[in-house]
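Engineer: Here it is, the structure in full.
The values are calculated or read from the model by the stated rules, or taken from the named source; none is laboratory data. As the structure is a prediction and not an experimental result, all values here were calculated from the model. Cβ atoms come from the backbone with ideal geometry, glycine included; neighbour counts cover every protein chain shown. These area figures cover heavy atoms from the full protein model, side chains too; ligands, DNA and RNA do not enter into them. Shrake-Rupley method; radii C 1.70, N 1.55, O 1.52, S 1.80 Å.
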Amino acid sequence: MSVKRFSIGGMSCAGCVASVEKALQTVAGVESSAVNFAEHTADIEGNFSVDDLIKTVQDAGYDAALLESEEDNTEKEAAEFEHYRSLVKKYTLAALVGVPLFVLGLGGLLPELTTSSGQVIWFIIGIITAFVMWYSGGHFFTGAWKSFRHHSANMDTLIALGTGTAWLYSMVIVFFPAIVPALAQHAYFEAAAIIIALINFGSALEIKARGKTSEAIKRLIGLQPKTARVIRDGVEQDIEIAKVGLNETIRVRPGEKIPLDGVVIDGQSSVDESMLTGEPLPVSKQRGDNVIGGTLNTRGSFLFQTKKIGKDTALAQIIELVRKAQNSKPAIGRLVDKISSYFVPTVMIFAVLTFLTWYNFSGLSISYAVVALMTVLIIACPCALGLATPISIMVGVGKAAEHGILIRNGDALQMAGKIDTIVLDKTGTVTLGKPELLQILPTAKLDSSELLQLAASIEAGSEHPLAQAVLEKAVAKELKLLTVDHFEAIEGLGIKANIKGDTIFLGNESLMLRENISLSNWQQEIIDLTVQAQTPVFIAREKELLGLLGIADPIKEDSKSAIDRFHQAGLKVVMLTGDHKRTAEVIAKQVGIDEVIAEVLPADKQSKVTGLQQQGKIVAMVGDGINDAPALAQADVGFAIGTGTDVAIESADIALMRGSLNSVMDAILISKATIKNIWQNLFGAFIYNIMGIPVAAGVLFPFIGIMLNPMIAGAAMAMSSVTVVTNANRLRFFKTSGEA
């Protein structure tokens, strides 16, 4: 099932989001959709006809275009820039008409409506204002008409009704001034023009500020060079990235960016991977090492063979992941969208009631009722409400990406800040995941080399990290591996195999107990190994123990400091591992872990996480292996160490490109900052409307004789959106406690 990204045109407020999503759900084959008002895009999942979907969106009164490539996104950005330039022209013209009228009116320099010459002049002003409303505000009226045709209402509806009412009332007064008292003989042409100018000005500022929220994506896109130096038929030539194929040989010189993903085949260097991982120290690369497109070769020249191109590269997948997350909605965002869908109709009803109240009960002229109606419609536009959540999500997800933290969806971002329990896998998470064989303890039946040869022969068929430690030691000792028959991996326990007709068992203590192999004479050795944080691996032939190996996996340098940060944040830290209990407890003590759950079979890790959740805990699981995938999926938030397996990363809500636990704390801090920012935006938007609408309706007039000027209402409405976007952009400067 594919996910396609579309540009959505014509959305003017949060109410439009609900209308577009409602239309999308009627398209055959659409499974889910996420419309982002801040980006004016939609991510749509399912097997559907693109043409049918675009037609449905257009029938709903909006525009849609499929975004398939970076060129499409570039065109979208160019279109937004053109829209910005258009808004600048529109608000400039409206201001050039509205402001002089306002100033002349204040100075008493405009003619009276009761004279013939005055009526002619005011009629000309009305026609000029109509032109302004057509040129500078035509998109509001067009949008309102489309919404009306589809039985909905949005921001355009409110603005069109507000300014349209002002113009119509003014034209009636120009022709028939005597129908209202002398004090009410005032035309509101300047108000209509200035309101349109202010709203266009606010929209232009919003687009300008909104562009900054996608800088993380632009930086990621900018990481990939345009060309690669490919060696074909012995000749080096610069070729466009799009024309480079798989298994091509590419040269990278000092100071150049690596163009694509691949494997080093000649030479060595140090590569700065901080742009993707957030890790500041360069990583040494030599023959056989993987390199990632977009990273920077700091020194040395090398050749590498391309293994991933186009959309399969790590950088392309990261960009897509960040984009998808930025378009997703947390629970709070979905709630706001639902509220917004009812907001505009509610405001329209309130505006009519306001008009009727003034007209029937105030004892004043109709002009007061018209002003109150117009002001309520103008001030209540829910733009800020619609921007409050998506704009913060975009910046927060982008900020996380800068730290090498890839957040898959808005729910994960929201939930990460609520975590109270962190569950850590041991190998590759707390430890380096690169075990080393430190001790070989054979029985009298054979010597240490024979025991190692036997173990390495069996482990040659295993992908377990401990197997690599055994094999590396055997290679270092130049031992010849024996032929192995009937290899059988026993999940969570070890290996069973036949060598020279004998059944050999290699694994943990539980495997030995299952096979009734006595360990009674080795208890002290087992204790000695575990006290030194070494994992004991037992080797037996038939029912006889042949010896054991002591394998240690060094603790990562920053594991203790990261766990200290967890504790400072009030989080409980649990280690969940299949390792020997005493070994796990020693490591846990060294790094300050609160609780150890050891000797857990891979199939049981998920149930242990479930058990913590049943205690009322909000659980984060951090792991890097295939056997962690079910637990990562079960946890409230799953964190996959990016150095781990693809299966673990796919099962997690948040992928960490660095192998450091500090990234988990950074993700939690960014989550909390983002959600706090969303609440600030929502508070500002709701308070603005809760306070602004009653004031616009004239609630203060009976007490202090003041009515809100419609032009001030227009300015306030425009600036509320700019304020929300500006506040969200503050997240771009957020620093975690680990940053300078």
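Engineer: For the subset of the stretch 10-27 comprising residues that are touching a residue at least 24 places away in the same chain (Cβ under 8 Å) and not in a helix (DSSP H, G or I), which member is most open to solvent (accessible area, probe 1.4 Å)?
Structural biologist: 26
Engineer: Something else about it: With respect to residue 389, is the statement that it is assigned to a helix (DSSP H, G or I), surrounded by 24 or more Cβ atoms within 10 Å (Cβ to Cβ) and β-branched (Val, Ile, Thr) true? Write out each step before concluding.
Structural biologist: Values: assigned to a helix (DSSP H, G or I): yes; surrounded by 24 or more Cβ atoms within 10 Å (Cβ to Cβ): yes; β-branched (Val, Ile, Thr): yes.
So residue 389 passes the test.
Engineer: Follow-up question, since we're still on this one. Please go through (1) touching a helix residue (DSSP H, G or I) at 6+ places or on another chain (Cβ under 8 Å); (2) open to solvent by 30 Å² or more (accessible area, probe 1.4 Å); (3) hydroxyl-bearing (Ser, Thr, Tyr) for residue 607 and return the number of the only condition it doesn't satisfy.
Structural biologist: (1)
Engineer: Being within 28 Å of residue 627 (Cα to Cα) and either in contact with a helix residue (DSSP H, G or I) (Cβ under 7 Å, 6 or more places away or on another chain) or of a type in the set (Asp, Glu) (or both): is that true of residue 531 here? Reasoning before the result, please.
Structural biologist: Values: within 28 Å of residue 627 (Cα to Cα): yes; either in contact with a helix residue (DSSP H, G or I) (Cβ under 7 Å, 6 or more places away or on another chain) or of a type in the set (Asp, Glu) (or both): yes.
Judged against the criteria, residue 531 is a match.
Engineer: Just to verify a result, which residue in the stretch 229-252, among those that are among the polar types (S, T, N, Q) and either without any contact (Cβ under 8 Å) to a residue 60 or more places away in the chain or more than 18 Å from residue 302 (Cα to Cα) (or both), is most open to solvent (accessible area, probe 1.4 Å)?
Structural biologist: Of all residues in the stretch 229-252, those among the polar types (S, T, N, Q) come to 237, 247, 249.
Now narrow it down to the ones that are either without any contact (Cβ under 8 Å) to a residue 60 or more places away in the chain or more than 18 Å from residue 302 (Cα to Cα) (or both): 237, 249.
Values: 237: 74, 249: 34 Å².
Ranking the qualifying residues of the stretch 229-252, first place goes to 237.
Engineer: Also, quick follow-up: Pull up the stretch 647-663, narrow it to residues that are open to solvent by less than 30 Å² (accessible area, probe 1.4 Å) and within 15 Å of the chain's Cα centre (by Cα), then point me to the one that is modelled with the lowest pLDDT.
Structural biologist: The selected residue is 652.
Engineer: While we're on this one: Go through the stretch 588-599 residue by residue and tally those that are crowded, with 16+ Cβ neighbours inside 10 Å, under 22 Å from residue 509 (Cα atoms) and within 33 Å of the chain's Cα centre (by Cα).
Structural biologist: Qualifying residue count for the region: 3.
Engineer: Would you pick out the residues in the stretch 368-378 that are farther than 15 Å from residue 160 by Cα and open to solvent by 10 Å² or more (accessible area, probe 1.4 Å)?
Structural biologist: Taking the stretch 368-378 first, the residues farther than 15 Å from residue 160 by Cα are 368-369, 372.
Scanning the stretch 368-378 gives a single hit, 368.
Engineer: Could you count how many residues in the stretch 145-168 are out of contact with any Cys (no Cβ under 6 Å at 6 or more places or on another chain), in a helix (DSSP H, G or I) and over 20 Å from residue 93 (Cβ atoms)? Give the steps one after another, and end with the answer.
Structural biologist: As a first pass, look at the stretch 145-168 and keep what is out of contact with any Cys (no Cβ under 6 Å at 6 or more places or on another chain): 145-153, 156-157, 159-168.
Keeping just the survivors that are in a helix (DSSP H, G or I) gives 145-149, 156-157, 159-168.
Imposing the further condition that a residue be over 20 Å from residue 93 (Cβ atoms) reduces the set to 145-149, 157, 161, 165, 168.
Summing the residues that are out of contact with any Cys (no Cβ under 6 Å at 6 or more places or on another chain), in a helix (DSSP H, G or I) and over 20 Å from residue 93 (Cβ atoms) in the stretch 145-168 gives 9.
Engineer: So which residues in the stretch 290-304 are buried (at least 16 other Cβ atoms within 10 Å of the Cβ) and at pLDDT 85 or above, if there are any at all? Spell out the reasoning first.
Structural biologist: First pass over the stretch 290-304, keeping only residues buried (at least 16 other Cβ atoms within 10 Å of the Cβ): 291-297, 300, 302-304.
Selection gives 291, 292, 293, 294, 295, 296, 297, 302, 303, 304.
Engineer: If we only count helices (runs of 4 or more DSSP H) wholly inside the stretch 411-518, which ones have 1 or more residues that are open to solvent by less than 60 Å² (accessible area, probe 1.4 Å), under 29 Å from residue 592 (Cα atoms) and of a type in the set (Phe, Trp, Tyr)?
Structural biologist: On the way: elements: 448-459, 465-476, 509-514.
Output list is empty.
Engineer: Let me ask another. All but one of (1) assigned to a helix (DSSP H, G or I); (2) on the phi > 0 side of the Ramachandran plot hold for residue 174; state the number of the condition that does not hold.
Structural biologist: Of everything listed in (1) assigned to a helix (DSSP H, G or I); (2) on the phi > 0 side of the Ramachandran plot, residue 174 misses just condition (2).
Engineer: What are the residues in the stretch 693-740 that are in a helix (DSSP H, G or I) and either in contact with a His (Cβ under 7 Å, 6 or more places away or on another chain) or of a type in the set (Lys, Arg) (or both), if any?
Structural biologist: Going through the stretch 693-740, the residues in a helix (DSSP H, G or I) turn out to be 693-696, 701-704, 710-733.
Listed by number, the residues that qualify are 730, 732.
Engineer: Let me ask you something else. Restricting attention to the stretch 320-351, report how many residues are open to solvent by 80 Å² or more (accessible area, probe 1.4 Å) and of a type in the set (A, V, I, L, M).
Structural biologist: 2
Engineer: Separate question: Which residue pairs have Cβ atoms closer than 9 Å, lie 6 or more positions apart in sequence or on different chains, and pair a first residue in the stretch 103-117 that is aliphatic (A, V, I, L, M) with a second residue that is open to solvent by 90 Å² or more (accessible area, probe 1.4 Å)?
Structural biologist: That search, which allows pairs on different chains as well, returns 103/109.
Engineer: Another question about this same structure. Looking at the stretch 437-494 only, could you name the residues that are of a type in the set (Val, Ile, Thr) and within 13 Å of residue 549 (Cβ to Cβ)? Explain how you work it out, then say what you get.
Structural biologist: The initial filter retains those residues of the stretch 437-494 that are of a type in the set (Val, Ile, Thr), namely 440, 443, 458, 470, 475, 483-484, 490.
Answer for the stretch 437-494, where residues must be of a type in the set (Val, Ile, Thr) and within 13 Å of residue 549 (Cβ to Cβ): 440, 443, 458, 470.
Engineer: Mind listing whichever residues of the stretch 28-53 are open to solvent by 10 Å² or more (accessible area, probe 1.4 Å), farther than 15 Å from residue 143 by Cβ and not in a strand (DSSP E or B)?
Structural biologist: 28, 29, 39, 47, 48, 49, 50, 51, 52 - these are the residues of the stretch 28-53 that are open to solvent by 10 Å² or more (accessible area, probe 1.4 Å), farther than 15 Å from residue 143 by Cβ and not in a strand (DSSP E or B).
Engineer: Now for a separate question. What's the number of the condition residue 57 fails, among (1) open to solvent by less than 20 Å² (accessible area, probe 1.4 Å); (2) more than 30 Å from the chain's Cα centre (by Cα)?
Structural biologist: It is condition (2) that residue 57 fails.
Engineer: Does residue 283 count as open to solvent by 30 Å² or more (accessible area, probe 1.4 Å) and either closer than 30 Å to residue 728 by Cα or at pLDDT 85 or above (or both)?
Structural biologist: Values: open to solvent by 30 Å² or more (accessible area, probe 1.4 Å): yes; either closer than 30 Å to residue 728 by Cα or at pLDDT 85 or above (or both): no.
Answer is no for this residue.
Engineer: Quick check: is even one residue across the stretch 523-534 in contact with a strand residue (DSSP E or B) (Cβ under 7 Å, 6 or more places away or on another chain), part of a strand (DSSP E or B) and surrounded by 16 or more Cβ atoms within 10 Å (Cβ to Cβ)?
Structural biologist: no
Engineer: From 554, 536, grab the single residue that is touching a residue at least 40 places away in the same chain (Cβ under 8 Å), under 22 Å from residue 449 (Cβ atoms) and not acidic (Asp, Glu).
Structural biologist: Of the residues listed, the single one that is touching a residue at least 40 places away in the same chain (Cβ under 8 Å), under 22 Å from residue 449 (Cβ atoms) and not acidic (Asp, Glu) is 536.
Engineer: Can we say residue 136 is touching a helix residue (DSSP H, G or I) at 6+ places or on another chain (Cβ under 9 Å), among the polar types (S, T, N, Q) and at pLDDT 80 or above? Step through it out loud before you land on a result.
Structural biologist: Numbers: touching a helix residue (DSSP H, G or I) at 6+ places or on another chain (Cβ under 9 Å): yes; among the polar types (S, T, N, Q): yes; at pLDDT 80 or above: yes.
So residue 136 fits the description; yes.
Engineer: Sticking with this structure for a sec: Any idea how many residues of the stretch 670-714 are open to solvent by less than 30 Å² (accessible area, probe 1.4 Å) and more than 21 Å from residue 399 (Cα to Cα)?
Structural biologist: Number of matching residues: 11.
Engineer: Residues being among the small types (Gly, Ala, Ser), more than 19 Å from residue 173 (Cβ to Cβ) and surrounded by 13 or more Cβ atoms within 10 Å (Cβ to Cβ): count how many of those fall in the stretch 87-124. Quick ask: steps written out before the conclusion?
Structural biologist: Narrowing the stretch 87-124 to residues among the small types (Gly, Ala, Ser): 94-95, 98, 105, 107-108, 116-118.
The next check asks that each one be more than 19 Å from residue 173 (Cβ to Cβ); those that pass are 94-95, 107.
Then drop every residue that is not surrounded by 13 or more Cβ atoms within 10 Å (Cβ to Cβ), which leaves 94-95.
Within the stretch 87-124, residues that are among the small types (Gly, Ala, Ser), more than 19 Å from residue 173 (Cβ to Cβ) and surrounded by 13 or more Cβ atoms within 10 Å (Cβ to Cβ) number 2.
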